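Have a look at the structure below before the remarks.
The values are calculated or read from the model by the stated rules, or taken from the named source; none is laboratory data. Keep in mind the model is a prediction, meaning the values are calculated, not measured. Quick reminder, even Gly has a Cβ in these numbers, built from the backbone with ideal geometry, and neighbours come from all protein chains shown.
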Amino acid sequence: MAFTIAEPCIATKDTACVNVCPVDCIHLRKDEDGFSSTFQLYIDPDTCIDCGACVPECPVTAIFPNEDVPENWREYIDKNADWYKMSREDFDAKWAAQEAAVYVAKEAAGELKEEGTVEGFDAANYGL
Ligand code: SF4
Ligand code: SF4
């Protein structure tokens, strides 16, 4: 079992959860390469010890134990795991279009936070 970060992290990405994780299994951290170009953070399911410390830190209720991930966000369980076993190129090929669509919708709704901004984002690259 593990915890998963779901859709609400997109466009927020404030890293509040990172600092409380006792096993450093939430990435990317702000000081890691690629942070500014990611849409959200991901939990490594092989390292997560199910402590739940990250859950109350999240201002947008994005983190769930896997068994409690809402039905419409179940694919985020695979997405979190994929981040740790795929190359960035392969990960983006599988997931970036979905993430971009969520990002654009939140931006249009005025929900894009400064820390959630994806550097160099161009909706046209995703046909949006
Ligand atoms: S449940 Fe605990 S170990 Fe797992 S990501 Fe959250 S803080 Fe880290
Ligand atoms: S606290 Fe929530 S919104 Fe912030 S980075 Fe973690 S999962 Fe994303």
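Values computed for the structure shown
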read-out	value
Selection from region 78-109 of residues that are surrounded by fewer than 16 Cβ atoms within 10 Å (Cβ to Cβ) and small (G, A, S)	S87, A93, A97, A101, A105, A108, A109
In region 61-72, the residues that are touching a residue at least 60 places away in the same chain (Cβ under 8 Å) and either within 12 Å of the chain's Cα centre (by Cα) or within 12 Å of ligand 2 (Cβ to nearest atom) (or both)	I63, F64
Exclusive hit being out of contact with any strand residue (DSSP E or B) (no Cβ under 6 Å at 6 or more places or on another chain), within 16 Å of ligand 1 (Cβ to nearest atom) and small (G, A, S), set A108, A81	A81
Per-region count, region 1-16, residues surrounded by fewer than 22 Cβ atoms within 10 Å (Cβ to Cβ), of a type in the set (G, A, S) and more than 15 Å from W83 (Cβ to Cβ)	1
Every residue from region 9-63 that is of a type in the set (D, E, K, R) and part of a loop (DSSP other than H, G, I, E, B)	K13, D14, D24, R29, K30, D31, E32, D33, D44, D46, D50
Subset tally (residues that are farther than 16 Å from P65 by Cβ, in contact with a Cys (Cβ under 9 Å, 6 or more places away or on another chain) and not hydroxyl-bearing (S, T, Y)) for region 1-16	2
Any hit, region 17-29, residues being at pLDDT 95 or above, surrounded by 13 or more Cβ atoms within 10 Å (Cβ to Cβ), within 20 Å of L128 (Cα to Cα) and touching a Leu at 6+ places or on another chain (Cβ under 7 Å)	no
Condition check for C54: farther than 20 Å from K106 by Cβ, within 11 Å of ligand 1 (Cβ to nearest atom) and not aromatic (F, W, Y)	yes
Pairs, first within 23 Å of D122 (Cβ to Cβ) in region 15-38, second surrounded by 13 or more Cβ atoms within 10 Å (Cβ to Cβ) and among the hydroxyl-bearing types (S, T, Y), C-beta under 6 Å, six or more apart	L28/T38; K30/T15
